[in-house]
Every structure is written in structure tokens, then in C-alpha cells.
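Below is one structure, written out as C-alpha cells, with a few remarks after it.
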């Protein structure tokens, strides 16, 4: 699996491609969100889904290309760290079921 570049990731977020996956995953693991009422959760999710693509587009449009070049190695490290964590969670769940 190839990690998308930071700019590719942001373009996908701006297009609405990654938002639902990332937001759903993160919100499921945030205790404060879980304590909200169903109505508050609904409006919070709407707000996040509106702010994410607009924010991603603003970053793409207004941040100079040099910044993206400098940030790319850190993005790669973050993506690898997240992938390692995800694999560890999968293995943990698999091992618990054996």
C-alpha cells in the first residue's frame, strides 16, 4: 500500500473522499464525543464534515508549495506510525479471539 502524499490526502479531504472514514474512526474513539446526546452528535458531525473540506481546500490554496515539501517527510512518518498502530490493533483483536 502506498501512502498518499500530504497534498493528495488534503485533495481527497477537500473532495469529501477521506472525511467520513477519518471522522467516523476518530469520533468513535473520543470519549467526550460518545458522551454527547444524539442531537449534539448529529450537529457535531455535520460541522466537522463542512469544516474539513473547506479547511483542506484553504490549506491547498494558501499554503506555499515549499511548506508541503518540508512537511512531507513528517507526513510519511505520521502515516507509518498510524499504519503500525492499526496493524497492532488488528493483531490484538485477532489474538483475543483465538
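The values are calculated or read from the model by the stated rules, or taken from the named source; none is laboratory data. This one's a predicted model, so the numbers in the text were calculated from it and none came from an experiment. All Cβ positions, glycine included, derive from the backbone under ideal geometry; neighbour counts span all protein chains shown.
For the stretch 25-52, the set of residues classified as exposed (fewer than 11 other Cβ atoms within 10 Å of the Cβ), farther than 23 Å from residue 82 by Cβ and under 18 Å from the mean Cα position of the chain (by Cα) consists of 46, 47, listed by residue number. Residue 83 - would you say it is touching a residue at least 24 places away in the same chain (Cβ under 8 Å) and under 16 Å from the mean Cα position of the chain (by Cα)? It is true that residue 83 is touching a residue at least 24 places away in the same chain (Cβ under 8 Å) and under 16 Å from the mean Cα position of the chain (by Cα).
Select from the stretch 2-12 the residues that are over 17 Å from residue 74 (Cβ atoms) and either part of a helix (DSSP H, G or I) or in contact (Cβ under 8 Å) with a residue 12 or more places away in the chain (or both) and write down the one among them that is nearest to the chain's Cα centre (by Cα). By that ranking, first place goes to 12. Just give me the residues in the stretch 57-68 being in a helix (DSSP H, G or I) and either surrounded by fewer than 10 Cβ atoms within 10 Å (Cβ to Cβ) or at pLDDT below 95 (or both), in sequence order. 61, 62, 65, 66, listed by residue number.
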